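A short write-up of the structure that comes next.
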């Protein structure tokens, strides 16, 4: 009886997965067929389609802390927008959730995209763009806003002063006048 070593077994499974993808994703079937051929030709795993983001996800997983931060951020924006809608504040520019930076905050962007677009949560939030890519780092800004909200006792029904405190937290302390 011939024993299949782990590397060969992994490649066989990967070939099978790419073949399945070629049928599930007919628009990119050529890409997935080529990927299966690359696996058969022993192209290094790192050079195969979609492996780079899987490797990154295993090195830098989305944690419970990350999830809780995203939930808090969305809750803060919900509260800000509710205060605006209920006319508790008068603003020149309404609060819109900008998303996360696609280059540096990818796992957060993917998660919020899944929450809103796939799972249908927070669909009522006003957002800056449908792709949830802010095109600039936002976690630091959002963290300041969440911390300000938490310091106020995590209110859901914001007063004008609470609203302003959270909005003011968007500005980095070194740039405040």
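The values are calculated or read from the model by the stated rules, or taken from the named source; none is laboratory data. Predicted model only: the values in this text are computed from it and were never measured. No Cβ is skipped: glycine too gets one built from the backbone with ideal geometry, and neighbour counts run over all protein chains shown.
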Considering only residues of the range 76-105 that are in contact with a helix residue (DSSP H, G or I) (Cβ under 8 Å, 6 or more places away or on another chain) and closer than 20 Å to residue 62 by Cα, which is surrounded by the most Cβ atoms within 10 Å (Cβ to Cβ)? 100
Pairs only if they're at least six apart or on different chains, beta carbon under 7 angstrom, first in the range 123-151 and touching a residue at least 60 places away in the same chain (Cβ under 8 Å), second assigned to a loop (DSSP other than H, G, I, E, B); list them, first residue then second. 139/105; 145/169; 145/170
By residue number, the members of the range 152-171 that are at negative phi, without any contact (Cβ under 8 Å) to a residue 12 or more places away in the chain and exposed (fewer than 12 other Cβ atoms within 10 Å of the Cβ) are 161
Please find, within the range 39-52, the residue that is modelled with the lowest pLDDT out of those that are closer than 27 Å to residue 103 by Cα and not in a loop (DSSP other than H, G, I, E, B). 52
Identify all residues within the range 117-158 that are in a helix (DSSP H, G or I) and touching a strand residue (DSSP E or B) at 6+ places or on another chain (Cβ under 8 Å); write none if there are none. 139
